[in-house]
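Following: one structure in structure tokens, then a few remarks.
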Amino acid sequence: MLKNGDGTIFNIQRYSVNDGPGIRTLVFFKGCPLRCEWCSNPESQKKKRQIMVFDNLCTLCGACAAVCPNSCITIQEDKRIYDPKNCDRCGQCRDICPNSAVKLVGEKISIKDVVAIAEKDYLFYLNSGGGVTLGGGEPTMQPEFSTNLLKALKKYGIHTAIETCGYTEWRIFERLLPFLDLVLYDVKHINPFTHETQTGKSNQRILRNLVNLLGKKAPVIIRIPVIPGFNDDIQAMNEIGLFLNTHNHNAVIERVDLLPYHKLGINKYKALGLSYKLDGSQTPEKKRLEELKQTLVDHGYKTSIEFL
Amino acid sequence: MDSAAKNENQSALPSRINRMKNDFLKIKPSVSIDRAKATTEVYKENPNLPVKIVRAKAFHRACETIPIHIGADELIVSNPSGKQRAGVFCPEISWRWLETELDTIHKRIQDPYVIDEEDKKTLKEEIFPFWRGKSIDEKIYAQLEDLGVLPLTFESGIIDAELKATNGAGEYAPGYCNILIKKGFNGIKKEAKKQLKRFDIARPDDIESIYFLKSVVIACDAMVLLGKRYARLAKNMAAKEANPRRRSELEKITAVCARIPGEPPETFHEALQMVWFGQVAHYLEENAPSYSPGRIDQYFYPYYERDLANSVITEEEARELLYCFMLKFNEIPWLLNEFASMYYAGYMAFQNICVGGQKPEGGDATNALSYMVLDCAKNLQLYQPSIAARIHNKSSQQFLNKIGEVVKTGIGFPANHFDDTTIKMLLSYGVDPADARDFCLVGCVEPGISGKLYQWSAVCLTNFPIAVEFALTNGVQLVSGNKLGLETSDPKAFETFEAFEAAVKKQLQNIIRVSAITTIITQQVHRDHLPKPIVSSVVDGCVESGKDVMMGGAKYNSGPGIIIAGTADYANSMAAVKKLVYEDKSVTMAQLCEALTNNFEGFEMINKLCKEAPKYGNDDDYVDDFARDVIDFISYEIKSFQGLYTPLALGTLPVSSHTPQGLVVGALPSGRKAALPLGGRHQPRPGNRFQRADGHHQVAGQDQPGSLHRRCAAQHEAGP
């Protein structure tokens, strides 16, 4: 049952070291306004609960088809077919599957429960300079839950960070900022039309929010996913560098991180019944990444390449 | 580590060390039978002398006759076989395994050894026939057979008792710091002769002491003789050496070996050579694991400091000598039979050296040598010596950073031990506070006190989950179908979880009882047939009291330990039975037993439920409490049995034994299928960390066993 104030998440990952300083607990929010073709967590995109089926584990035993109350599943000779139309995500197919090929993603969780998990690693935060990062998915899509969670974490003196695509209303950021120690802000492209081709949305709102954000005091780390054929060229990086330079009056940008494209999420597309559009793409070469990095360094930004 | 980093480390080595390491890596491990020949001769010649004297004479003969060798670049010399990477075969301990493996040992999968064809002939014609019916291995086997405990031990392998039946004892820290470098073997001999005067051959109670002290005198003479042989060899080589630089090195070695190991060392070089002769002496006495030199940064430091102050040596020269010393540890493999090499894989001899920690009087003990040892280990990238670092509340950040630097290279060293835990543990057994602060590590993780504490880490290695299996089968081992456990009742008759748990505990008690019997028999056979004059010469209390270590001569005694694997499998299995059978009632006991008997084949749904039951290591008390409980239970149970000198002790350090131990355990309620490896020490089972989507992971895996570890560590080792 959805209680007032609960959030929808799909994972809490302790001992995260790639999402802000130190050892962190990463809360994955479910739901995102963008549909980036390279997204490595496609299960984060829709806000509602989803069924994932891993065909490599399925033996076509038919147990799920037999148990499904809405007859969403049929087994044909060498295929398991799932029609989500009537599916109410009751989870009986997951429970019955002997091979754990079916997973349900998305769960309701209370602030109290998240804080209890975060608190377990308090000593790790203290000793490593870590804390909690809200990511996902897009934390600003659940503004009430995000705000209250950050408030609760600050009460414990825990360092807080958010990973955001920036696509939201500015007033939501204004609510969150008082409780944030660090903002990890995605910038994918400066050209609004190019941006829209592979993320589904124009970047105008994103860049406007970034300008506002740079006018505040919270430290910001800019994160750029480096996607082949989309923004892996000097010009794209140059434009980003120029944009940042134009607005970084308060010098709040600590660093720029380049996140090279990778295919680690590809199996999840299949499990969700989605098609993966970047099949032919490869992780950018180290030499290219070094050139892109140099471009941003030339604009005066400490830049690092964050290999997974 | 990537190859670039490797190259960087290679180039960080001085050129001499780089050459020595590269040469070393090309050597195929072999079996050396020279000591075996000497031992066999002496036993043949002296069939009627007391065993203490015969063994000392055999040791002496080995020191007289083994081939000796000085490598082209060596500064620290000697080894127990005259060649590098040669395992020392000890037929009086066990020979049957080598007879079986004689034509296969060179091609076995785990840790192969080559044997010379000529040596094979000697073994077959002279050595094996003589020892038939006389070895330690055969004596222990016969006694256990007579007592009716073979089925659970040697026959099924559920309790593996080969360790001390087929090897020497080892597993202790020799008193290099408090005895050998203070007195030298001549000084120890002098002390033994002095003590001899206290005893009267006309008094029956004194006879064993007299034999013992005589054995120490003979063994000390033997080591002095070996040193002199090396001095002569170095002198001859120097005379023929064309390169003036190497000639002067050989002359230096000549001078060092003329004094060492008879006289106490005066320089850093002599001190290193002294300790190395000490290691060689131990391996000539018995092929065994874990002869651990302990806190070398502490006892070498005065020599280092004085040599630097007197300009006898430069820091670079000292570093080169230390490299040479550390390289030596790789030269001696612990020779094992094929099966045991799965338990202790990788030619490991477990010779542990320790850096950092506190001084005996308190306060940080870290010094320049602590850092030098860590640097050498980092650059050498070899598997021996094992390195332990002691950390305490006042360890400097610089020291911690240095440790991190070494760990980061991926060599798996140093093992980091926190002083508080170990010192408390030793204090709880009544060790003097100053001795407790002076602890070192033995083998992998066992706390020791150099030259003061005598203990065996283990005689028996077994596992926890087999008790769960026995309780669910009324005592039948699933993989063999044999009745090896107790008849605790038909499992379907357990009306409550508590009744089931009580049956598991009964099965555990029985396994411990059989382990205790095996341990005590093994200790007795070692005491009566395998006295240890070299070990006894470097343990406080032995020479003074006229008692061999095997007669309880050491200042402190402890254990032996009983090592138990599979803590995680036990906890997971107990939690699954509790939850599925007694709480959720989603599976009946009959169904569960049937599924286990069939290794879950055809019972996929039950297997799924078992796998989804709570798993140890996820910060979930429901299951973790079973681990705490069983560790508490078993440690008190084990302590209730008395070894020859002290109560037995629990050890949860299976090394790699959880893999072969897995072979004897069938499918478990945890969802694990038959014969798969068990979990190692206290860590969660692989895979369980990532089984659920909501968090458990490295952090849980790391912090979870904190209290648990402390408790079983405290009950594990050490103490009078």
*First check a/c for the range B:142-250, with a ≥ b ≥ c the square roots of the eigenvalues of its C-alpha gyration tensor; if it is under 1.5, answer rounded, and if not, answer prolate when a/b is larger than b/c or oblate otherwise.*
oblate
*Can you give the three extents of the C-alpha atoms in the protein assembly as shown along their principal axes, from longest to shortest, in whole Å?*
101, 75, 53
_If you take each beta carbon of peptide B:45-58 and count the beta carbons of other chains within 10 angstrom, what is the mean?_
0
_the range B:251-340 shape via C-alpha gyration tensor axes, a/c threshold 1.5_ = prolate
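For the range B:362-476, how big is Rg over Rh, using alpha carbon atoms and the Kirkwood form of Rh?
We get a ratio of 1.10 for the range B:362-476.
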*B:Glu171's amide H: which non-local residues (gap 5+, or another chain) put their own amide H closer than 5 Å, with H modeled 1.01 Å from N in plane and none for Pro or chain starts?*
B:Ser290, B:Tyr291
*asked:* To check you understand DSSP bridge types, tell me what percent of the beta bridges within the range B:460-716 (both residues inside) are antiparallel, rounded to 5.
replied: 20 percent
*Taking the dipole about the Cα centre of the protein assembly as shown, with the C-beta of Lys and Arg at +1 and of Asp and Glu at -1, give me whichever of A:Thr147, A:Asn250, B:Ser78 is farthest to the positive side.*
A:Asn250
_Angle in degrees between helix B:368-380 and the longest Cα principal axis of chain B, rounded to the nearest 10_ = 70 degrees
*asked:* Greater than 21 Å separation of Cα atoms is the criterion. Which listed pairs, B:Lys52/B:Lys83; B:Lys378/B:Lys402; B:Lys585/B:Lys615; B:Lys452/B:Lys547, meet it?
replied: B:Lys52/B:Lys83
*Treating the Cα atoms of the range B:323-364 as identical point scatterers in vacuum, please give the log10 of the normalised Debye intensity I(q)/I(0) at q = 0.22 Å⁻¹, two decimals.*
-0.77
_Cα convex hull volume per residue for chain A (Å³)_ = 143 Å³
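Among the listed pairs A:Lys263/B:Lys608; B:Lys164/B:Lys359; B:Lys182/B:Lys252, give every one whose C-alpha distance is greater than 26 Å.
Details: A:Lys263/B:Lys608 30 Å; B:Lys164/B:Lys359 34 Å; B:Lys182/B:Lys252 22 Å.
Beyond 26 Å: A:Lys263/B:Lys608; B:Lys164/B:Lys359.
Would you mind telling me the antiparallel percentage of the DSSP bridges in the protein assembly as shown, rounded to 5?
That works out to approximately 30 percent antiparallel.
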*Dipole of the range A:50-105 (Lys/Arg Cβ +1, Asp/Glu Cβ -1, origin at the Cα centre): which of A:Cys64, A:Gln92, A:Tyr82 lies farthest to the positive side?*
A:Gln92
*Which whole-number percent of Cα pairs in the range A:1-130 have a distance greater than 18 Å?*
64 percent
*Once the Cβ-Cβ distance between B:Asp432 and B:Lys182 is put in as r, and R0 is 25 Å, what FRET efficiency do you end up with, to the nearest 0.05?*
0.85
*With all pairs of different alpha carbon atoms counted, what Kirkwood hydrodynamic radius in Å does the range B:574-662 show?*
15.6 Å
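Could you calculate the FRET efficiency of A:Asp279 with B:Gln591 from 1/(1 + (r/R0)^6), where r is the beta carbon distance between them and R0 is 60 Å, rounded to 0.05? Provide the component values of the computation, followed by the final result.
Values: r = 46 Å, r/R0 = 0.76.
Given R0 = 60 Å and the Cβ-Cβ separation, E is 0.85.
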_Can you report the principal axis dimensions of the range B:482-617 using only the alpha carbons, biggest first, rounded to whole angstrom?_
66, 32, 27
_Helical mean residue ellipticity (222 nm; -39500 (n - 2.57) per DSSP H run of 4+; nearest 500) of the protein assembly as shown_ = -13000 deg cm²/dmol
*Which residue, chosen from B:Leu580, B:Val538, B:Leu484, occupies the Cα position most advanced towards the positive end of the dipole of the range B:460-716, where the dipole is computed from +1 (Lys, Arg) and -1 (Asp, Glu) charges on Cβ about the Cα centre?*
B:Val538
_Test item: Cα-centred dipole of the range A:50-105, Lys/Arg +1 and Asp/Glu -1 on Cβ, debye_ = 140 debye
_In nm, spacing of pseudo-spin labels at A:Asn212 and A:Asn245 (7 Å Cα→C-beta vector)_ = 2.7 nm
*What pairs in A:Lys46/A:Lys151; B:Lys28/B:Lys532; A:Lys201/A:Lys277 have C-alpha atoms more than 28 Å from each other?*
B:Lys28/B:Lys532
*How large is ³J(HN,Hα) for each residue in the range B:153-158, as worked out from phi by the Karplus curve 6.51 cos²θ - 1.76 cosθ + 1.60 (θ = phi - 60°), to whole Hz, x for Gly and Pro?*
9, 4, 6, 9, x, 5
*Report, in degrees rounded to the nearest 10, the 0 to 90 angle that the Cα long axis of helix B:136-147 makes with the longest principal axis of chain B.*
30 degrees
_Charge dipole magnitude, Cβ of K and R +1, D and E -1 - chain B, Cα centre, debye nearest 20_ = 1720 debye
*With label points built 7 Å along Cα→Cβ from the Cα atoms of A:Tyr122 and B:Thr65, find their separation and express it in nm.*
7.0 nm
*Roughly how many Å is it from the Cα centre of the range A:124-177 to that of the range B:268-322, as a whole number?*
56 Å
*asked:* Run the Debye formula on the Cα coordinates of the range B:184-229, all scatterers equal and no solvent, and tell me log10 I(q)/I(0) at q = 0.13, 0.17, 0.28 1/Å.
replied: -0.31, -0.48, -0.92
*Within the range A:195-235, what residues put their amide N at less than 16 Å from the label point 7 Å along the Cα-to-Cβ vector of A:Asp298?*
A:232-235
*For the range A:50-105, just run the numbers: alpha carbon Rg, then divide by 2.2 N^0.38 Å, N being how many residues it has.*
0.98
*Exposed trypsin sites (Lys or Arg not before Pro) absent - longest run of chain B, DSSP non-H/G/I/E/B, at most 10 other C-beta within 10 Å*: B:198-584
*With axes computed from alpha carbons, what is the tilt in degrees of helix B:497-529 against the longest principal axis of chain B, rounded to the nearest 10 within 0 to 90?*
20 degrees
*chain B - share of DSSP beta bridges that are antiparallel (%, nearest 5)*: 20 percent
*How would you classify the range A:75-203 from its alpha-carbon gyration tensor, with a ≥ b ≥ c the square roots of the eigenvalues: rounded for a/c under 1.5, else prolate if a/b is greater than b/c, otherwise oblate?*
oblate
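All of the numbers you see were taken from the coordinates with simple rules; none came from a lab. Keep in mind it's a predicted model, so treat the numbers as computed, not measured. Here the Cβ is made from the backbone with ideal geometry for all residues, glycine too, and neighbour counts use every protein chain on show.
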